[in-house]
Amino acid sequence: LIHFAKRHPFAGKYARYKLCLHKNDSTMSQFYKSTSLINKEKFLKPLVLSNKTLHQRQRSTRMGCEVKSEAAGKIRGKLPYYAEGLVVKGFGRGSKELGFPTANFEEKVIDELPEELTSGIYWGYAQLQNSPVYGMVMSIGWNPFYNNEKRTMETHILHHFDGDLYGEHLKVIIVNYIRPELNFPDLQALKDAIANDISVSKKEMEMEQYQKFTSDKFFTSQ
């Protein structure tokens with residue numbers, strides 16, 4: 001019997017998520033298929049396993065998948081989630097280092113998050129005061145690549161703004177969950193993952209079932 005051993009910790013993370021894909025989990029399927037960060041021939045090598053060892057690994061994988069599926073189910077059970085508050089100064093990395101500027105919520109908004117909305121990447125819609133409604137991708141968590149000490153809600157609004165947004169009142173509807181928060185081996189890998197998150201989000205935003213959120217009364221009431 002031929003199985004595959006993971007040679008690279010970064011590839012390993014994504015390889016595990018592929019094994020745990022649910023047949024209806026189109027978001028993670030798109031994430032795995034479209035990411036340029038996985039090179040199977042480079043990162044994976046064949047490994048001969050005994051029947052007993054293979055069975056044990058398959059059982060362990062199934063159990064891990066059940067846990068991940070249950071966690072994702074709890075997250076989606078709390079969506080859509082509505083939040084609003086002031087935009088405050090963040091770490092200043094979104095524009096300068098990553099090329100994806102973000103609007104950061106004040107702490108009291110973060111403190112009000114339900115415990116089910118764990119660290120991860122989400123998408124939804126956003127509106128600044130007197131602005132149209134735009135799509136957005138949000139990171140909730142500590143960002144392990146930068147070892148943040150404070151939990152943040154960083155919103156990348158899919159629109160170009162001139163200048164910063166500090167002090168603006170921001171409304172968001174978090175509509176769906178994309179993936180868990182991950183660490184990355186280098187800055188480029190992080191950039192590639194963010195670009196992929198945006199691509200996945202845009203595809204889901206085109207679905208008819210989500211169009212209603214753009215005219216939600218949450219946005220229309222000022």
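No lab work stands behind these numbers, since they all come straight from the coordinates. Because the structure is a prediction, the values reported are computed rather than measured. So basically every Cβ, Gly included, is an ideal-geometry build from the backbone, and we count neighbours across all protein chains shown.
Worth pointing out:
- The ratio of the alpha-carbon radius of gyration of region 139-222 to the globular-protein estimate 2.2 N^0.38 Å is 1.26.
- Contour excess over end-to-end distance, with Cα ends at ASP216 and THR118 and 0.36 nm allotted per residue: 32.8 nm
- Computed from the C-alpha gyration tensor, the three semi-axes of the ellipsoid equivalent to region 96-185 are 20, 16, 13 Å, from longest to shortest.
- Of LYS78/LYS150; LYS78/LYS217; LYS89/LYS203; LYS108/LYS217, those spanning more than 25 Å from alpha-carbon to alpha-carbon: LYS89/LYS203
- Distance in nm between pseudo-label sites at TRP142 and GLU168 (7 Å out along the Cβ direction from Cα): 3.0 nm
- Here region 136-188 is treated as a sphere whose radius is the Kirkwood value from Cα pairs; by Stokes-Einstein at 25 °C and 0.890 mPa s it diffuses with a coefficient of 185 µm²/s.
- Packing-based ranking, highest mean first, of 209-221, 179-191 given that Cβ atoms within 10 Å are counted: 179-191, 209-221
- Residues in region 108-134 reached by a label modelled at LEU86 [backbone nitrogen below 11 Å; 7 Å Cα→Cβ]: 108
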